[in-house]
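One structure below.
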2 protein chains.
Amino acid sequence: MACALNSSGKYSSLLRTTPASWGRYAWSIGREDPRRAIHALKAGIALTLVSLLYILEPLFKGIGENAMWAVTTVVVVLEFTAGATICKRLNRGLGTIMAGSLAFLIELVAVKSGKVFRAFFVASAVFLIGFAATYLRFFPKIKKNYDYGVVIFLLTFNLITVSSFRQEEVVPLARDRLSTIAIGCAICMFMSLLVLPNWSGQNLHNCTVRKFDGLAKSIVACVDEYFREQEKDDEVLERQEARASIQIGYRAVLDSKSSDESLAHYASWEPRHSMHYYSYPSQKYVKLGSVLRHFACTIAALHGCLESEIQTPPHVRSLFRDPCTRVAREVAKVLQELAVSVRSHRRCAPDVLSDHLHEALQDLNSPIRSQPRLFLGSKHARATNSRMLMELNSAKNTAASRATLPSFKTDTTSLVERKSTKTDQPAAERNERTMLRPTLSKIAVTSLEFSEALPFAAFASLLVEMVVRLELVIEEVKNLESAANFREYSSHDHLV
Amino acid sequence: MACALNSSGKYSSLLRTTPASWGRYAWSIGREDPRRAIHALKAGIALTLVSLLYILEPLFKGIGENAMWAVTTVVVVLEFTAGATICKRLNRGLGTIMAGSLAFLIELVAVKSGKVFRAFFVASAVFLIGFAATYLRFFPKIKKNYDYGVVIFLLTFNLITVSSFRQEEVVPLARDRLSTIAIGCAICMFMSLLVLPNWSGQNLHNCTVRKFDGLAKSIVACVDEYFREQEKDDEVLERQEARASIQIGYRAVLDSKSSDESLAHYASWEPRHSMHYYSYPSQKYVKLGSVLRHFACTIAALHGCLESEIQTPPHVRSLFRDPCTRVAREVAKVLQELAVSVRSHRRCAPDVLSDHLHEALQDLNSPIRSQPRLFLGSKHARATNSRMLMELNSAKNTAASRATLPSFKTDTTSLVERKSTKTDQPAAERNERTMLRPTLSKIAVTSLEFSEALPFAAFASLLVEMVVRLELVIEEVKNLESAANFREYSSHDHLV
């Protein structure tokens, strides 16, 4: 550990921390996920093992300088999860063998010719293969699955071709190199598959469970925040924190695409290692991830309602506080139940979409229907109703209609806040904005003329949409359950 | 090119294509972005140059076997953009120098001791450094900026320490190795900075411009699709295509976070290469990217309205077709104007947020106000209004209220569609779902009891929200313009 601090000291100036706080930081990283420390230990042991090839006399006599290749292999191939290690090892193995064969073919042609022709021939082979392999890396499928293999291919091909130019015996060279690479790979495989392995599949499973929990927290926080009383001054900071915490859950889900896909890709290389699966259903997890992202989009939009410049006044909102909060809590409860059942590899209850949620939706329905006037916009609107319809049909001379609608019911606090924050900005930037200001405020006012209840309608509609999407999530969870062969649901589980 | 086909033939079985179609595919990748072919050519030339170190007799005499390190450097360091190459080269350089110094220190201690102690000392140094460096790679900041450097450090340290165990003269070895790595780096720098360079900054600039265009297309497609007439049978396919095309624009923006950040990271390493910037404002581009993602979330939510199971009936929607379409087109026009001005490195017009948009918003305002009855939910609602309010206050016995609200005005087609598609699924899966079905339809019906206009209210509210967020986008574009020193707007530009 002391050594870790030592070597990391190089970076401490970059991060502007004292060695002590850096040490605490290092410790916190390990405590967050102890598998990291274990992996680092494994890497240290693997490197020590491979360096024995040099250090121990009898081993060195057999292998010699080529032991270097085993060291390189261990440094480059040993990855955090077993699947990633296997995938890299195969890429490295394939790349090396292909490069070796190609280099051998070229050598066969070159060796029979004169020195000048040989030099020319080797140089042009290097150029062509270099061009082709680099170009190949732009192909999306190759880039996704075999990028590392192509780099290794290119590297090995060049090293063999070019170094064989000055050596006569290529075959023993290639054989020794391959055997040492095999030793390196064997050490990596041993460390990553047999000593406290980290499975990509398990990681993906845990990530999926965390997503459910995160989404549930986001929904509850978002709805609580929407119906919170107008803040007093001392609560502003607290409110900002609450708002920030909403994002964490759904953002993590929205950003999970690439990490899910790479985990699933690695997981598909892993041998069976769990009692739960016949074969690991990585694609089902990816599918569930995509449905969850779809679900998270609704939460993002709900959050957008919170951040919006146009707000339904708090007294109108508060009428709907209870039913909305109830729907949100029921949805969160369902998500948490799904999390528990996926975590413990058992099927979820058949009635997970409970009557409570149904009732909560009905309760939201009733007060919305009971408040028709809120959706009228202004009190004048009803009077101008028929005239407006005519104008809509003519659809041209709208200027007159605008003049007869002078009722501004606006929640202007947010606009005022925004303007006041701008005054402390540097003069150069403010200059920039004065050109924009007239237009900006004009648009803002226009928006705020809209029916007061419109923003709340959006909020309620998104809540309902969320329930509908929740069904899709449940459907996908059931698909996963049957593919992953989860154990049957029993009512005993529910009580626990 | 023939060779490219040859070597890529290894993968053709994986992709299940004929060589001819594979050739066409390769050609299309190059045509899509000719810089790819140019980069591949540059890589081929760089590799050929570096292999001359071996092939030409006088050069080989000077450098010898160490030329291998120059080859390795070129293969690993040469990247598509100049910034990425510089960043990797610095990482490699730093990693090598640090590893060399540390190995030298250890050697100083080890060389004075007996053989057994020396072996033990070297092995434990390898273990400790291996542990520390691997652990360091889990630190988020290190992982983001210096991951490659740490790998190189570990590789070089192990190779030097371990190989110096059998060699007496470490210093000349290190010196030769460093000088050949320097040759490799010099070739990479020459190829990537001086021969038809690809700048990360330029890539980031182009990506930003493309985002504006993509978003504009998404908005127009989304609104057009929302107000499209109910499809005839032969239009279903076309409609699906149109729906798919909506996603492309905003998805690309939503998924752009990591690529933006890495491009900006590389761009920050690049020297000044353009007349437009004093220093490249990479962070402004990242900020603009994040504001655009915020904007794209609204489009995602709009798209959600389209996909939603609960729909406002088409005859209600069609009342608002013209104003909504007009707002969408005006927003798209502003985005396209921003794209043009950013593309041509000039400031956008001060009146980019035009009166047209203002008028379009007013026109959307008027018909919404003119249709108060649509927001009433059911015709019974007004009658039950006062009673409902009482019930809301007591907030308990809602069962009675539900019984008195039998008016189902629902757009059930989507529900029917969904059910019919399910029947062609395999029996095993259907079995799974029968358990879910009763709950599912119960919820769906509940949702559809809501006021018909609620989903449209959400749609309209999101459109307005989009205009508000457009202002934030414009503000951020103006920030970028002043930071990147774009040339002033002149009315002449507008005419062109």
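The values are calculated or read from the model by the stated rules, or taken from the named source; none is laboratory data. The model shown is predicted, which means the values in this text are computed figures rather than measured ones. Neighbour counts are summed over all protein chains in view; Cβ atoms, including those assigned to glycine, are modelled from backbone coordinates with ideal geometry. Note: accessible area is taken over every heavy atom of the protein model, side chains too, but ligands, DNA and RNA are not part of it. Shrake-Rupley method; radii C 1.70, N 1.55, O 1.52, S 1.80 Å.
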**Prompt:** Looking at A:Arg321, A:Arg326, which is the one that is in contact with a helix residue (DSSP H, G or I) (Cβ under 8 Å, 6 or more places away or on another chain) and of a type in the set (D, E, K, R)?
**Reply:** A:Arg326
**Request:** Could you please find all residues in region A:472-485 being within 10 Å of another protein chain (Cβ to nearest Cβ) and under 23 Å from A:Gly304 (Cβ atoms)?
**Result:** A:Leu472
**Request:** Collect the residues in region A:296-318 that are open to solvent by less than 10 Å² (accessible area, probe 1.4 Å) and outside any helix (DSSP H, G or I), keeping them in residue-number order.
**Result:** A:Thr312
**Prompt:** From the list A:Asp176, A:Asp213, A:Asp147, which residue is open to solvent by 20 Å² or more (accessible area, probe 1.4 Å) and without any contact (Cβ under 8 Å) to a residue 60 or more places away in the chain?
**Reply:** A:Asp147
**Request:** Please go through region A:279-316 and pick out each residue that is more than 9 Å from chain B (Cβ to nearest Cβ), farther than 24 Å from A:Tyr266 by Cβ and charged (D, E, K, R).
**Result:** none
**Only one of B:Ser268, B:Ser290, B:Ser341, B:Ser279 that is open to solvent by 30 Å² or more (accessible area, probe 1.4 Å), in contact (Cβ under 8 Å) with a residue 60 or more places away in the chain and either over 30 Å from A:Leu361 (Cβ atoms) or of a type in the set (Ser, Thr, Tyr) (or both)** = B:Ser268
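With A:Arg321, A:Arg347 as the choices, which residue is open to solvent by 10 Å² or more (accessible area, probe 1.4 Å), more than 26 Å from A:Ser490 (Cβ to Cβ) and not small (Gly, Ala, Ser)?
Numbers: A:Arg347 fails: more than 26 Å from A:Ser490 (Cβ to Cβ).
Answer to the selection: A:Arg321.
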**Request:** Name, by its number, the condition in (1) outside any helix (DSSP H, G or I); (2) within 40 Å of the chain's Cα centre (by Cα) that does not hold for B:Ala67.
**Result:** (1)
**Prompt:** Is at least one residue of region A:97-118 in contact (Cβ under 8 Å) with a residue 24 or more places away in the chain, under 38 Å from the mean Cα position of the chain (by Cα) and farther than 30 Å from B:Thr134 by Cβ?
**Reply:** no
**Request:** Return yes when A:Tyr250 is part of a helix (DSSP H, G or I), within 30 Å of A:Val77 (Cβ to Cβ) and not basic (Lys, Arg) and no when it is not.
**Result:** no
**Asked** Restricting to region A:193-204, what's the tally of residues that are in a helix (DSSP H, G or I), more than 14 Å from the chain's Cα centre (by Cα) and not aliphatic (A, V, I, L, M)?
**Response** 3
**Message:** For the structure I just gave you, tell me whether A:Thr325 is within 11 Å of chain B (Cβ to nearest Cβ) and among the β-branched types (Val, Ile, Thr).
**Reply:** no
**Prompt:** Given the structure, is A:Glu330 modelled with pLDDT of 85 or more, of a type outside the set (A, V, I, L, M, F, W, C), more than 25 Å from the chain's Cα centre (by Cα) and open to solvent by 10 Å² or more (accessible area, probe 1.4 Å)?
**Reply:** yes
**Asked** Taking region B:445-474, which residues are at pLDDT 80 or above and open to solvent by 30 Å² or more (accessible area, probe 1.4 Å)?
**Response** B:Leu472
**Fill in**
(1) of a type outside the set (A, V, I, L, M); (2) farther than 21 Å from B:Leu154 by Cα; (3) open to solvent by 40 Å² or more (accessible area, probe 1.4 Å) all hold for B:Lys88 apart from (2)
**Request:** May I ask you to verify whether B:Val74 is crowded, with 18+ Cβ neighbours inside 10 Å and within 31 Å of the chain's Cα centre (by Cα)?
**Result:** yes
